[in-house]
Amino acid sequence: GRQIIHLTAFSLIRTTSRAQWCAMHRSQATPLWAEYINGWLDSLKAAGYSTATLHTRRCQMTAMGNALGGSPLDVGGNGLVGYFASKEWKPETRKSARNATVSFFRWIRAHDLRDDDPSQELPSVRRPQAHPRPCPDKVILSALSKANDEEQLMLRLGAECGLRRSEIASVSSTDVMDDLVGRSLIVRGKNDKQRLVPLPDDLADLITAHHGYLFPGRWQGHVEASYISKHLSRLLDGWTTHSLRHRYATRAYEATHDLLLVSKLLGHASVETTQRYVAMPDERLRAGLEAVSLGA
């Protein structure tokens, strides 16, 4: 039979990011949730979602199931709202969790496991307007001077190719291909979406010389994204790995004035997302200052 949800667990777990969340919730889902979570994840896998996305979604719904207790067939809209209200998540984490919850309960309803969808009562997530924060070239050059050969490759893949930390971690020599005018890198981004990014010739040579993963794991495969962040955070003096991606977007826009092209290079599904990465070129800002100056 269906069990009553206990709401007292809402305040037990508070995190600020998806990475912290997954790290704190490696326990198994309760039996009453596990069957439905596994079935839902199978549907996502059949739809082509990446292993990383499936792992994140499992973490999210396992955390919810362990906090709410009972069965997902008994969860009400008020219960979901209370669960989300108890969390001190960053906006991106909150949005991701909402997307997972909506997908999960839509799957349950689509399979006639319940007649309603409690996720419809979740409010949309408000995200504050983010401002571009491109890492200054002087910081990158300083980091390069201190970096070893491996770390220099990490820095260049972020600053000159715009790769995310997870994308840097998984670069392989087999991802380099010839294009019409040089060589490009096949980048496998979020949800396994692929894109092509032009490579400087010397960087292409360095990648192909590795004959496999650029950053191999200790036992097999490649390193984790956290390995990349650990090294780059130490070198960038307070600037993040993602700020290299902002730098790439800003420089690419300065050269092309083509926001759609920059969006494709970054692997964004929407140009609106790209706008949060591109800082207004300094030259144009200075030109505006000169135009309004009252000086002689």
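Tabulated data for the structure shown
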| read-out | value |
| --- | --- |
| Global geometry of region 72-210, whether rounded, prolate or oblate, following the gyration tensor of its Cα atoms and the 1.5 cut on a/c | prolate |
| Greater than 27 Å apart at Cα, pairs in K146/K264; K138/K193; K87/K264; K95/K190; K45/K230; K87/K193 | K146/K264; K138/K193; K87/K264; K45/K230; K87/K193 |
| Selected from P132, L32, A100, residue furthest toward positive end of dipole (region 18-146; charges at beta carbon) | P132 |
| Surface accessible to a 1.4 Å probe, per residue, for the residues of region 195-253, Å² | 55 Å² |
| Region 43-196 - percent of accessible surface contributed by carbon and sulfur, probe 1.4 Å | 49 percent |
| Surrounding net charge for A147, when Lys and Arg each add one and Asp and Glu each subtract one, Cβ distance under 11 Å | 0 |
| Full-extension gain in nm, R133 to L261, via 0.36 nm per residue minus C-alpha separation | 44.1 nm |
| 1.4 Å probe accessible area per residue over region 44-164, in Å² | 48 Å² |
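The values are calculated or read from the model by the stated rules, or taken from the named source; none is laboratory data. Bear in mind that the values here come from a model prediction, so they are computed numbers and not experimental data. Here the Cβ is made from the backbone with ideal geometry for all residues, glycine too, and neighbour counts use every protein chain on show. Note: accessible area is taken over every heavy atom of the protein model, side chains too, but ligands, DNA and RNA are not part of it. Shrake-Rupley method; radii C 1.70, N 1.55, O 1.52, S 1.80 Å.
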